[in-house]
Amino acid sequence: MTPRSLPEQRELPEPPKPPEPHRVVALVNPPQPAFPLACATEVFGDHGPAVPARYAFEVCTEHPGPVRGQAGYDLLVTTGLDALERADTVLVPGWRQPPGSEVPEAVVAAVRRAHGRGARIVGICSGAFVLAAAGLLDGRRAATHWAQAAELATRFPRVRVDPAVLYVDHGDVATSAGSAAGVDLCLHLVSADQGAAYAMRIARQLVMPPHREGCQLQYAELPTSGAVPDSLAPLLEWLSGRLDRPVSVAEMAGRAQVSARTLTRRFSEQLGVSPGRWLLDRRIAATRALLEETDLPVETIAHRVGLSSAVNLRRRFHEALRTTPAAYRRAFRAEGARLRS
């Protein structure tokens with residue numbers, strides 16, 4: 001008999017190697033704000049066995065060593081700007097420096113090099129100033145803390161600063177509003193990198209929603225008239241006492257004893273807005289206060305602030321704050337009650 005041939009031995013393929021973790025490098029600077037850095041660490045750092053690690057998080061600074069923190073303690077950072085050369089994402093978690101000073105040229109150059117080789121550059125809160133100094137936001141929308149939006153726009157006029165949004169993501173660069181909005185942006189980036197399900201797992205670990213409703217203007221201070229020019233003060237006081245009534249620009253002009261065109265020019269030159277915009281801002285501010293401090297129905301509030309109906313109020317409110325009166329009240333009513341108690 002012909003002996004039966006043995007089956008050919010085949011080598012089993014090696015199991016695929018797990019993908020390399022996405023390397024996130026946070027660039028810090030004294031005095032380093034604690035909260036924006038903590039936000040980034042909580043999203044991109046180690047979450048233990050509950051969430052498989054897909055990111056490697058590292059911190060660097062221009063001059064390695066102790067980095068003074070804004071919260072009263074120092075950070076020991078042993079890695080310099082060379083860490084940006086191996087980063088997939090460079091993240092600037094806030095940036096504080098003396099008024100009138102510029103972002104150091106070494107930092108600007110390192111950020112530009114990282115962007116040039118394909119790294120994503122992210123600014124949280126005032127970190128947007130570093131991206132702007134590097135020219136990465138020229139001609140683009142950008143976010144920063146609402147209280148610093150005017151400064152960013154003044155120092156970098158080529159940047160299209162949007163003071164309302166929580167964050168702006170262009171793919172290669174991204175910026176967020178005030179510190180807590182950094183969590184919103186970081187979770188958004190995780191969702192884009194790893195999928196919504198993975199981002200949801202991290203959000204659950206943080207005990208927060210993966211996406212917040214609205215925009216940062218709902219968290220900004222209630223607007224005031226500020227320093228009012230003498231020529232407009234009597235009119236603005238008169239308008240503030242009549243928020244519950246419809247008032248046209250023609251009526252405003254008649255009250256001020258000038259033409260509508262002259263009144264509009266004065267508002268633009270002295271307050272930076274049109275008469276109609278100023279009045280609507282006051283109505284929205286009054287709406288916010290009533291939502292925070294009372295249980296009045298939206299229809300009643302609409303009539304009290306001169307927006308005529310609940311439908312009109314909801315539309316105007318959403319245009320201004322990107323959220324609804326009901327959602328705003330849920331978010332702020334409990335806090336308002338606590339402060340009054």
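The values are calculated or read from the model by the stated rules, or taken from the named source; none is laboratory data. These numbers come from a predicted model, not from an experiment. In this analysis, Cβ positions are derived from the backbone assuming ideal geometry, glycine residues included, and neighbour counts consider all displayed protein chains.
What number goes with the only condition from (1) within 27 Å of the chain's Cα centre (by Cα); (2) modelled with pLDDT under 85 that Leu280 does not pass?
Condition not satisfied by Leu280: (2).
With Gly127, Gly116, Gly139 as the choices, which residue is of a type outside the set (D, E, K, R), within 20 Å of Leu84 (Cβ to Cβ) and out of contact with any helix residue (DSSP H, G or I) (no Cβ under 8 Å at 6 or more places or on another chain)?
Gly116
Can you pull out every residue in the range 1-36 that is out of contact with any Phe, Trp or Tyr (no Cβ under 7 Å at 6 or more places or on another chain), modelled with pLDDT of 65 or more and of a type in the set (S, T, N, Q)?
Gln32
Could you tell me which residue of the range 317-326 is farthest from Leu166 (Cα to Cα), considering only residues that are of a type in the set (A, V, I, L, M) and surrounded by 18 or more Cβ atoms within 10 Å (Cβ to Cβ)? Break it down into steps so the answer makes sense when it comes.
Residues of the range 317-326 of a type in the set (A, V, I, L, M): 320-321, 326.
Next, from what is left, pick out any that are surrounded by 18 or more Cβ atoms within 10 Å (Cβ to Cβ): 320-321.
On the way: Ala320: 14, Leu321: 11 Å.
Only one residue tops the list, namely Ala320.
If I filter the range 105-131 down to residues being out of contact with any strand residue (DSSP E or B) (no Cβ under 7 Å at 6 or more places or on another chain) and of a type in the set (D, E, K, R), which single residue comes out as farthest from Thr61 (Cα to Cα)?
Per the criteria, the residue is Arg117.
Pull up the range 147-189, narrow it to residues that are in a helix (DSSP H, G or I) and not hydrophobic (A, V, I, L, M, F, W, C), then point me to the one that is surrounded by the fewest Cβ atoms within 10 Å (Cβ to Cβ).
Checking each candidate, the answer is Thr154.
Residue check: is Val122 buried (at least 21 other Cβ atoms within 10 Å of the Cβ), under 18 Å from the mean Cα position of the chain (by Cα), within 22 Å of Glu20 (Cβ to Cβ) and modelled with pLDDT of 95 or more?
Here the answer is yes, as Val122 does meet what is asked.
So the check is Cβ under 7 Å with 6+ separation or different chains; which pairs have a first residue in the range 224-242 that's assigned to a loop (DSSP other than H, G, I, E, B) and a second one that's charged (D, E, K, R) and at pLDDT 80 or above?
Ser231/Arg266; Leu232/Arg266
Table: residues versus (1) under 28 Å from Ala203 (Cα atoms); (2) in a strand (DSSP E or B); (3) at pLDDT 95 or above.
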{"residue": "Ala38", "(1), (2), (3)": "yes, no, no"}
{"residue": "Asp82", "(1), (2), (3)": "no, no, yes"}
{"residue": "Gln97", "(1), (2), (3)": "no, no, no"}
{"residue": "Ala128", "(1), (2), (3)": "yes, no, yes"}
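Among the candidates Glu251, Glu299, Glu269, single out the residue that is in a helix (DSSP H, G or I), closer than 15 Å to Leu232 by Cα, charged (D, E, K, R) and at pLDDT 85 or above. Break it down into steps so the answer makes sense when it comes.
Working: Glu299 fails: closer than 15 Å to Leu232 by Cα; Glu269 fails: at pLDDT 85 or above.
The match here is Glu251.
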